[in-house]
Amino acid sequence: MSYPATAPWTRGEFEERLRDKSRGYHIHHPFNVRLNGGLCSPDQVRGWIANRFYYQSLIPRKDAAILLNCDDRATRRLWVQRILDHDGVPGGESAGGIEAWVRLGSAAGIPPGELWSLQHVVPGVRFACDAYLDFARRSPWQEAVCASLTEMFAPRIHQDRLAGWPEHYPWIAPEGLAYFRSRIPLARRDVEHGLAVTLDHFDTLERQQRALGILQFKLDILWAMLDAIERAYPA
């Protein structure tokens, strides 16, 4: 007689299963394939920038929610840097990721006030982003950290943009691509910490399976955003 496996995966096996989720990352979404392949019109590119800005603007609030729920001082000391990375530090060397995205919008022809107004954000994108923020607010902080692990797959998508956009979209001022360049090392740094938290906390098979479901939820959020953008800006 055989019984269902109950032993947790080893740390290496668990990490491998988490990383294997890359197959569902939105780098494979048809809209992103066209976007990074130079097949999108200026209106489609601007539509993507304007809608993705809503997601970018919520990242510090998501990270603040994690801090609010986090009872581990060592984690808080590291996690707070994520808020500074996106919001920037007054008088600091970097204005932050949100400001870098505003500059991307300006380089593509979207005035800052128009971007901040959120007037171009479509309902599906707003719903998906708000669902992610709500998850971070309501969930144990370790689960919200796990959801952030889509950053494992982010460097490749940024590298693709840096490699192709200057040729595909020469009408976008080059300085506008600084956001993509800055996020590659930051994403790798953040993954190191977030992955350690996840591997430590999800230490039973049931918890590990829960972690895979959480990561899938975040992948679905990113995919749903592109579904909504694709419908709003058809080819």
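The values are calculated or read from the model by the stated rules, or taken from the named source; none is laboratory data. Everything quoted here is computed from the prediction, not taken from an experiment. Every residue, glycine as well, gets a Cβ built from its backbone with ideal geometry; the counts of neighbours run over all protein chains shown. Please note that ligands, DNA and RNA were not included when accessible areas were found on the heavy atoms of the full protein model with its side chains. Shrake-Rupley method; radii C 1.70, N 1.55, O 1.52, S 1.80 Å.
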Consider only pairs whose beta carbons are under 6 Å apart and that are at least six residues apart or on different chains; among these, list those whose first residue lies in region 175-195 and is over 11 Å from LEU104 (Cβ atoms) and whose second residue is in a helix (DSSP H, G or I) and open to solvent by 50 Å² or more (accessible area, probe 1.4 Å). HIS193/LEU78
Just name the residue that is most open to solvent (accessible area, probe 1.4 Å) out of those in region 208-235 that are free of Cβ contacts under 8 Å to residues at least 12 places away in the same chain and within 26 Å of ALA7 (Cβ to Cβ). GLN209
Search result, residues across region 135-191 that are among the polar types (S, T, N, Q), surrounded by fewer than 17 Cβ atoms within 10 Å (Cβ to Cβ) and closer than 15 Å to ILE59 by Cβ: SER182
Quick one: VAL89 ticks every box in (1) within 24 Å of ARG19 (Cβ to Cβ); (2) of a type outside the set (S, T, N, Q); (3) surrounded by fewer than 18 Cβ atoms within 10 Å (Cβ to Cβ) except a single one, so which number is it? (1)
Inspect region 98-107 for any residue being surrounded by 15 or more Cβ atoms within 10 Å (Cβ to Cβ), of a type in the set (A, V, I, L, M), in contact (Cβ under 8 Å) with a residue 24 or more places away in the chain and in contact with a His (Cβ under 6 Å, 6 or more places away or on another chain) and give the result as yes or no. yes
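Could you check, for region 76-93, whether at least one of its residues is within 20 Å of PRO155 (Cα to Cα) and among the basic types (Lys, Arg)? Let's see the steps before the verdict.
Keep residues of region 76-93 that are within 20 Å of PRO155 (Cα to Cα), which gives 79, 81-86.
Still in the running and among the basic types (Lys, Arg): 82.
Yes, some residue in region 76-93 is within 20 Å of PRO155 (Cα to Cα) and among the basic types (Lys, Arg).
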